[in-house]
Each structure stands twice: as structure tokens, then as C-alpha cells.
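The values are calculated or read from the model by the stated rules, or taken from the named source; none is laboratory data. The structure displayed is predicted, hence computed values, not measured ones. Don't worry about glycine lacking a Cβ; one is built from the backbone with ideal geometry, like all the others, and counts go over all protein chains shown. Note: areas computed on protein heavy atoms with side chains; ligands, DNA, RNA excluded. Shrake-Rupley method; radii C 1.70, N 1.55, O 1.52, S 1.80 Å.
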Amino acid sequence: MSISSVWNTVYPILIAVLFFELIIIVHEGGHYAAARLMKIKVNEFSIGMGPKIFQFERKGTKYSLRWVLFGGYCSMEGENEESDDSGAFVNKKVWQRIFVVVAGAVMNLVLGFIIVLIIVSSQNLVGTPQVAKFEDNAVSQSTGLQTGDIIKSIDGMRIYSTNDISTGLTRSPDDTVDMVVDRNGETMKLSVTFATEEYEGKQYINMDFWLRGVPKTVGNVLLQTCKETMSYARMVFLSLHDLLVGRYGISDMSGPVGAVSVVSTAVKTSINSVLRIMALLTINIGLFNLFPIPALDGWRLFVLIGEGITRKKLPQKAEYLINAVGLAVLLLFMCFVTFSDITKLV
């Protein structure tokens, strides 16, 4: 195998890993910046996991770069134990601790917004949910959809952005969808049929029409960015709903290995594809971290809100035990998903 072919195989994976590390650095950087603002002592801020490549200390904080660039952490004084230090996390007011806990997820969402803004700004036109034209022999046109229709909902899901349309069509269980459209100012309900195509053993709707684009302005670029960011956020909850109702199984989920595979494949396609996947991933990570699951930021947020309401702290041992059990379950789940990812790749 030539050096160039090896490089062509390796470089997309390296880029994917670096993108993931960027998401983690932004998340932990959010915790770090918030801790500094709240005058909480940060013992160590690490990029990566495992053995140290190098480390230096400044103003009481150790800054580390570690060999495994697939993680990182912001270790605060009194974060998981009692401390007499006035700058310890545990000794700060509830609202200050909440601010620090949510800062990581918020920074992930901000990163997602910035990536979506780059995507929208790089397009020649700003998309709208209005049908502009059809492909030749379009099935949807022959079953009721018309040029000029503004799509308002698909199978009951409200449409706000162009991204919502592809999401709605992808989630349809068959080749026929119920649409609500605005046609010349009149609201109409349609039952539209599409041609389908098979991908990885499943049938998906073939979107056979184009959407209208309008010239860019500062206003519509920002509005579209907000809409698409919210669309990506909604996809997280729709995916969770589909998993809970059995539309998809756990075997359909992807962990870090599967995600790296998807991103590395997108690297070979286009920068736009990479950015879209990265926007979805960072928004996904930001929102998932706020779920009240032990070992995640959302659980600590839940505990802090309870403390703020009852004026009583959860006993340290109880919190540690709950987090330890939650972390163990989460790690087992990640092992299962990672094994599934590797099996798919093989």
C-alpha cells in the first residue's frame, strides 16, 4: 500500500478525532471560564486523557496536554468532595454552581449556532420551505404537491426551516406523508406519495422537488441560523422519542467510533457535510449533557435545583454513590454501542 493511499485513509479519521476534541474542549472550556468568573479554584484543565505529554502551572491551575485526544476535563476544588477552601465549588452559592454546571452545555450550543451560521452564510441563497420546482416525473407532483406551495407541516411535525423538511420526510414510516401547505394564502391538507429508495436495508423517501431560495440579508441569515439550530435541537428529541417508541433499536445508535466513521466519510465528501454533522453532534452533546442522568451535568443541575428549593444539600456520600452507579451504567452502555459500531464497520 502506497504512502498516499495510507494518508488518504488516515487523514479523514484524524480530522474527525480533532473535531470531536474541539467539541470537548469547548464544553470543558465553558466550565473553566464560568468557574473563573465565579472565583472557583480550578486544580487542573486537561486537553485529552491518559498519560501527560506536558504540563505547566499558572496561578494555582495545572494545564495539561495528554496523549489520548479523545476527552478532557476541568477539575475544580471541592467538585466531588468536601473542602475548606473558600474558592471550592462546594462552598459557592447554589446559583453560582448552577452557572458553572450549565456553562459547558451552553458553550456546545453556542458552537453549534456558530457552525450553522457559517453554513448559512456560505450558501448563495437562503432556503425557504416553498416548493420551487420538481424533478422530471416527480411522484409528489402527480399526487397533489404544486409549485409555489409553502410546506407548513409533515405528518404533524411543524416546518420552520428547510432542514425540517428533510427530517420530516426521513421519519415517515412509508411512502405517503400528510402535508399541510399554504397555497396562495389558503391552507390545504394533502396526502402526498413519493418514490422511495433503499439505503442500508431500509426504505427512505426520495425528495423529488427543489425549494425556493431568496437573496441573503443580515436579517434572514440570522433568522435562518436560529431556525436551523432549533431544528438540529429538535432532531435530538425526535431521535429519543423514536428510540423510546421502538421505531429504532439500540443497535441503530452510534457511539464515538460510529460518529468518527461518519465524520471521516463526510470529510471525503465536502466541508459542508462535515459542518452539518458537527453542528448536529455538538448540539446533541450539549442537550444530552443536560438530561437528568447520573454522571452527567444534568443530574448535578437537578440536584442543585433541589438544593435551591429545599435549602438542603444531598449528602455527599449519596451523591457520590449515585454518580458512581450512573457512570458505571453509562460506561457499560458506551461499551455496548462501541462494540456495535465496530461490528458494523467490520
Review point. In the stretch 173-190, which residues are open to solvent by 60 Å² or more (accessible area, probe 1.4 Å), more than 19 Å from residue 132 (Cα to Cα) and either polar (S, T, N, Q) or in a loop (DSSP other than H, G, I, E, B) (or both)?
Key: 173, 174, 175
Check your understanding: Has the stretch 115-125 got any residue that is in contact with an Asp or Glu (Cβ under 9 Å, 6 or more places away or on another chain), outside any helix (DSSP H, G or I), open to solvent by less than 70 Å² (accessible area, probe 1.4 Å) and at pLDDT below 95?
Key -> no
Check your understanding: Just one of 229, 217 is open to solvent by less than 90 Å² (accessible area, probe 1.4 Å), hydroxyl-bearing (Ser, Thr, Tyr), modelled with pLDDT of 85 or more and under 16 Å from residue 160 (Cβ atoms); which is it?
Key -> 229
Review point. Is it true that residue 89 is of a type in the set (A, V, I, L, M, F, W, C), open to solvent by 20 Å² or more (accessible area, probe 1.4 Å) and either closer than 30 Å to residue 40 by Cβ or touching a strand residue (DSSP E or B) at 6+ places or on another chain (Cβ under 8 Å) (or both)?
Key: no
Review point. For the stretch 270-298, how many residues are out of contact with any helix residue (DSSP H, G or I) (no Cβ under 6 Å at 6 or more places or on another chain), open to solvent by 40 Å² or more (accessible area, probe 1.4 Å) and not aliphatic (A, V, I, L, M)?
Key: 4
Check your understanding: Restricting attention to the stretch 133-169, which residues are open to solvent by 70 Å² or more (accessible area, probe 1.4 Å), of a type in the set (Ser, Thr, Tyr) and free of Cβ contacts under 8 Å to residues at least 60 places away in the same chain?
Key -> 142, 147
Study note, to complete from the structure: When the stretch 142-182 is checked residue by residue, the ones that are farther than 23 Å from residue 232 by Cα and at pLDDT 90 or above are 145, 146, 147, 148, 149, 182
Exercise for review: Might you check whether a residue that is of a type outside the set (A, V, I, L, M, F, W, C), free of Cβ contacts under 8 Å to residues at least 60 places away in the same chain, closer than 28 Å to residue 314 by Cα and open to solvent by 40 Å² or more (accessible area, probe 1.4 Å) occurs anywhere in the stretch 52-70?
Suggested key: no
Exercise for review: Output the residues belonging to the stretch 289-313 that are modelled with pLDDT under 90 and either farther than 29 Å from residue 233 by Cβ or part of a helix (DSSP H, G or I) (or both).
Suggested key: 311, 312, 313
